[in-house]
Amino acid sequence: MSGFLFSLTWFLLFLGSAIYLAYNRVSLFASTVAMGAILLAYWAFGDWHWLTLLVAILLYAPLVFVNFVDARREKVTRPALNMYRSMLPSMSETEREALEAGSIWWDGELFSGMPDWDQLMSFPVPKLSDEEQAFIDGPCEKLCSMLDDWDISHERADMPPEIWEYIKKHGFFAMIIPKRYGGLEFSAYANAMVIAKLASRNATASSTVGVPNSLGPAELLLHYGTEEQKDFWLPGLAAGTEIPCFALTSPEAGSDAAALIDSGVVCRGKWEGKDTIGIRLNWEKRYITLAPVATVLGLAFKLYDPDHLIGDTEDYGITAALIPTNLPGVSFGRRHHPLDVPFQNGPTTGKDVFVPLDSIIGGQEMAGKGWKMLVELLSVGRAITLPATASGGGQAAAYTTGAYAQIRRQFNLPIAKFEGVGEALARIAGHTYIMNAAVSVTAGAIDQGEKPAVPSAILKYHCTELGRKVANDTMDVHGGKAIMMGPKNYVGRNYMATPIAITVEGANILTRSLIIFGQGAMRCHPYVLRELQAAQDEDTERGLLDFDDALFSHVGYAISNAARAFFLAMTHAKFSKVPLNTPTRRYYQNVNRYSAAFALATDFAMLTLGGKLKVKELLSARLGDVLSCMYLASTVLKHFENQGRRATDIPLVEWSVRTLMYHAQEQLHSFLLNFPNRPVAFVLRLVIFPRGRTYSPPSDELGKKIVSLITKTGEARQRLSEQAYKALEPGSPLGLLEEALELSEKFQPLEKKLRQARKEGLIHSEYLGHQIDEAEGAGVISAKEAAEVRDYHDKVLFLLSVDDFSPDELGRPGSGDRPVVPEMTHETVALVASSDAAQSAGKKKAKKKPARKTSSRKTSNSKVAGNKTATEKPGKKKSKKKSS
């Protein structure tokens with residue numbers, strides 16, 4: 001028995017040393033020496049059996065062999081390279097260009113299995129300059145005060161002329177344009193904060209401002225345009241005399257840019273009276289924001305040169321050009337109506353439109369490079385506009401719903417006291433905190449020169465999906481208040497707008513299942529792209545050298561991740577290194593654990609499935625979810641540090657990270673359940689979950705702490721909705737609800753006094769409005785106190801009220817004459833129930849009235865957008881409302 005224990009001790013020493021060396025990624029040579037020393041000691045001092053020693057030597061021999069580089073290269077690497085080349089999946093040019101777009105940032109660290117937190121923490125805190133802060137406090141605040149959602153969405157189906165003019169005059173379309181061209185030259189962080197503030201107020205305004213500052217003509221010109229093109233177009237774009245749009249989506253192509261049928265053929269034609277070589281364009285586009293009012297159209301099309309007028313190439317591929325919309329053959333002005341959110345969006349077509357070659361963005365040398373241009377710019381723009389819009393909407397939802405749940409009472413209690421409502425409130429606050437963190441930290445990285453292609457896809461997908469969840473929970477808490485449309489409904493329009501963000505810039509289903517992990521696995525993995533490039537190197541010997549280095553580095557990386565994943569799972573990552581000794585240190589360790597597990601699962605998926613992983617979309621989506629959760633959790637931790645480690649925010653940090661990492665755990669579990677190679681899945685489960693799935697979601701008690709944060713006035717509530725428009729003025733629901741919340745806290749002692757008076761029988765009514773009168777009459781409260789509470793009660797009633805309309809006000813425009821239904825009163829009900837003569841008399845009271853007239857949507861550009869050939873739409877009669 002003692003011999004067995006002695007041998008077991010040596011075995012555990014050998015195994016533990018191997019895990020330690022792999023965990024810490026000790027070099028190959030040093031690891032070989034260390035393991036050799038242990039084996040030698042076992043031979044010299046151990047009570048060994050010859051068979052045991054033989055097995056140990058056989059296990060050690062390959063480690064020695066791979067240190068002889070020349071031998072391993074010929075015996076192992078060359079055959080492996082030949083096999084690898086035969087297994088390489090096909091890759092289209094658009095896929096290749098997408099993989100090469102952008103830069104690798106924190107996403108690369110998460111793929112490493114051993115993230116260097118110092119790298120993330122060293123990034124400076126994103127801040128607004130004095131000029132940017134003044135813009136947000138001045139023009140941006142003023143624009144928000146001018147916006148009337150009901151007037152824009154219901155009465156006009158557009159923003160009024162004075163708002164269009166204000167947007168142009170104050171440079172809202174020019175935030176990304178340098179000052180030398182007349183723009184504002186704002187940082188990415190400032191751009192995001194402006195969009196977030198506008199989104200908290202009105203979806204139409206935020207969309208209108210966001211698009212020109214994202215993927216559009218200005219961004220394309222700044223990065224790829226010639227100096228002549230910049231000088232010609234950018235001053236007008238900055239001044240607002242030119243309205244831009246960018247047309248990519250075709251009716252049958254959708255997200256598959258390679259399937260574009262819009263074409264441009266190089267030919268000879270007339271331009272400004274002169275014979276010139278140019279491009280004859282034909283296109284049909286849809287879903288194009290600002291197209292109905294645009295003066296310059298950025299167009300993506302496929303360029304062909306059948307007569308070889310500009311070179312030997314015949315099919316150049318996707319190209320981007322700038323097209324003035326006043327050219328013959330250009331058709332625009334008709335509008336889509338996206339879910340009753342009336343930002344200018346519509347189709348555009350072109351038939352035999354002739355433009356010179358210098359219309360190509362960047363000139364003739366950029367012919368065929370349009371897709372590369374687009375995906376490179378998406379790596380930045382996709383991280384700003386839509387995520388910031390979702391963040392702003394979340395901030396408004398958290399601010400309004402927290403206050404509403406406190407002033408809205410059921411069963412003599414604020415509805416925030418009910419656990420079911422509290423669960424929704426916690427989700428609203430937690431999801432908003434995640435969105436705020438992701439937008440702030442990623443925008444800050446962009447300002448430091450990063451072009452985070454994979455994180456931008458993560459933000460686009462997850463922020464818009466979290467925005468949808470927040471909107472759903474906000475609707476649930478508000479109930480009937482949220483579904484009755486009218487000027488008093490501050491929830492419904494944002495709820496209707498959420499699917500729009502889900503759809504644009506790559507549908508979310510596509511982004512999750514194909515882009516996040518598909519691009520990340522190739523782009524961010526430390527060795528996969530190097531192996532691919534080495535295998536495709538035309539210099540075979542150089543490719544062999546590079547492949548050998550990448551392959552054996554990859555093997556060591558995989559062994560290390562297996563050791564790290566197992567050890568961190570067994571110890572709950574309690575011994576994992578973290579950058580800071582703060583109350584959040586355990587969350588850094590949790591990310592460390594899942595980084596190693598994710599890297600290991602990724603390697604085995606690519607090794608066993610090879611090119612088939614490309615079509616295993618659900619497996620890719622789950623791995624993408626794990627990567628996304630780690631990235632978002634990292635931004636939460638960084639955001640907490642950036643905001644000064646506020647103790648009051650710790651519940652939000654804990655809820656956010658726990659929610660994210662629990663989801664990461666469950667997606668890894670689901671990945672293993674569905675992994676087609678069952679023996680590999682079994683081994684991976686033993687390594688990744690040796691103690692089972694031990695991570696738990698946020699507790700109910702933690703949720704209650706968060707409810708307390710957003711239903712009470714205080715710095716945590718204000719900080720969560722920092723960018724939201726909260727001015728206290730008529731028509732500003734956020735400001736009015738905050739005022740009511742403050743008053744509810746102020747009058748809590750008086751309300752307590754009323755409840756006590758009712759218990760004592762001094763007052764009898766259950767309704768607060770009547771209790772005030774009774775209490776004043778009974779001397780329970782003074783006349784001054786009664787007046788103050790009555791004023792508070794009136795304000796609450798107004799905020800809880802909804803709109804109603806006369807039947808004719810809800811008629812559809814253009815429906816023709818129709819009978820007007822009389823208002824149903826006791827008298828009309830009696831008439832209906834009486835004799836035929838009475839019914840006849842009642843019918844005579846129903847007069848016919850012509851329906852409201854509106855202009856056809858076939859008109860050209862809206863005059864309010866500044867188009868020179870516009871026709872103005874007749875105004876609509878204002879609706880008459882009354883409160884219910």
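The values are calculated or read from the model by the stated rules, or taken from the named source; none is laboratory data. What you see is a predicted model; the values in this text were computed from it and never measured. Reconstructed Cβ throughout: ideal geometry from the backbone, glycine too, with neighbour counts over all protein chains shown. Ligands, DNA and RNA are stripped out before the accessible areas are found, and what is left, the full protein with its side chains, is counted by its heavy atoms. Shrake-Rupley method; radii C 1.70, N 1.55, O 1.52, S 1.80 Å.
How many of the residues in region 697-726 are within 24 Å of Arg593 (Cα to Cα) and either in a helix (DSSP H, G or I) or modelled with pLDDT under 95 (or both)?
1
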What number of residues within region 425-442 satisfy the criterion of being among the aliphatic types (A, V, I, L, M) and surrounded by fewer than 24 Cβ atoms within 10 Å (Cβ to Cβ)?
-> 0
Every residue from region 577-619 that is of a type in the set (Phe, Trp, Tyr) and touching a Phe, Trp or Tyr at 6+ places or on another chain (Cβ under 7 Å) = Tyr588
Check off (1) within 30 Å of Arg73 (Cα to Cα); (2) of a type in the set (Ser, Thr, Tyr); (3) surrounded by 17 or more Cβ atoms within 10 Å (Cβ to Cβ) for Thr540 and give me the number that stays unchecked.
-> (3)
Name the one entry in Ser214, Ser250 that is of a type in the set (Gly, Ala, Ser), out of contact with any strand residue (DSSP E or B) (no Cβ under 8 Å at 6 or more places or on another chain) and modelled with pLDDT under 90.
-> Ser214
Could you look through region 25-69, keep only residues that are of a type in the set (Phe, Trp, Tyr) and out of contact with any Leu (no Cβ under 9 Å at 6 or more places or on another chain), and pick out the one that is modelled with the lowest pLDDT?
-> Trp48
Condition broken by Gly346, with the remaining ones in (1) farther than 22 Å from Pro452 by Cβ; (2) part of a helix (DSSP H, G or I); (3) touching a His at 6+ places or on another chain (Cβ under 7 Å) satisfied | (2)
Odd one out for Phe682, checked against (1) closer than 24 Å to His431 by Cα; (2) free of Cβ contacts under 8 Å to residues at least 40 places away in the same chain = (1)
Return yes or no: is Tyr404 out of contact with any Cys (no Cβ under 8 Å at 6 or more places or on another chain), part of a helix (DSSP H, G or I) and closer than 20 Å to Thr503 by Cα?
-> no
Say we look at region 410-424 and pick out the residues that are without any contact (Cβ under 8 Å) to a residue 24 or more places away in the chain and of a type outside the set (A, V, I, L, M); which of these is most open to solvent (accessible area, probe 1.4 Å)?
-> Phe411
Collect the residues in region 390-409 that are of a type in the set (S, T, N, Q) and touching a Leu at 6+ places or on another chain (Cβ under 8 Å), keeping them in residue-number order.
-> Gln395, Thr400, Thr401, Gln406
Quick one: which of Met630, Met661, Met606 is under 19 Å from Leu514 (Cα atoms), open to solvent by less than 10 Å² (accessible area, probe 1.4 Å) and assigned to a helix (DSSP H, G or I)?
-> Met630
Of all residues in region 314-336, which are open to solvent by 50 Å² or more (accessible area, probe 1.4 Å) and over 32 Å from the mean Cα position of the chain (by Cα)?
-> Glu314, Asp315, Tyr316, Asn326, Pro328, Ser331
Looking only at region 462-484, decide whether some residue is under 20 Å from Thr400 (Cβ atoms), touching a residue at least 40 places away in the same chain (Cβ under 8 Å) and part of a loop (DSSP other than H, G, I, E, B).
-> yes
Qualifying residue in region 510-528 (condition: of a type in the set (Val, Ile, Thr) and surrounded by fewer than 20 Cβ atoms within 10 Å (Cβ to Cβ)) = yes
Spot the failing condition for Gly467; the list is (1) under 14 Å from the mean Cα position of the chain (by Cα); (2) open to solvent by 20 Å² or more (accessible area, probe 1.4 Å), and only one is missed.
-> (2)
Members of region 296-305 that are open to solvent by less than 10 Å² (accessible area, probe 1.4 Å) and part of a strand (DSSP E or B) = Val296, Leu297, Gly298, Leu299, Ala300, Phe301, Leu303
Positions within region 166-219 being without any contact (Cβ under 8 Å) to a residue 24 or more places away in the chain and out of contact with any Asp or Glu (no Cβ under 8 Å at 6 or more places or on another chain), in sequence order = Arg180, Glu185
Count of region 490-536 residues which are of a type in the set (Phe, Trp, Tyr) and either assigned to a helix (DSSP H, G or I) or closer than 20 Å to Pro387 by Cβ (or both) | 2
Subset tally (residues that are small (Gly, Ala, Ser) and either touching a Ser or Thr at 6+ places or on another chain (Cβ under 6 Å) or not in a helix (DSSP H, G or I) (or both)) for region 426-461 = 7
Assuming Thr584 fulfils every condition listed in (1) among the hydroxyl-bearing types (Ser, Thr, Tyr); (2) under 16 Å from Asp116 (Cα atoms); (3) within 29 Å of the chain's Cα centre (by Cα) apart from one, which condition is it?
-> (2)
Of the residues Leu53, Leu40, Leu21, Leu58, which is open to solvent by less than 50 Å² (accessible area, probe 1.4 Å), farther than 19 Å from Ala563 by Cα and assigned to a helix (DSSP H, G or I)?
-> Leu53
Of everything in region 355-375 that's closer than 15 Å to Leu248 by Cα and part of a helix (DSSP H, G or I), which residue is farthest from the chain's Cα centre (by Cα)?
-> Gly370
Only one of these is within 27 Å of the chain's Cα centre (by Cα) and open to solvent by 50 Å² or more (accessible area, probe 1.4 Å): Ser732, Ser699, Ser721. Name it.
-> Ser699
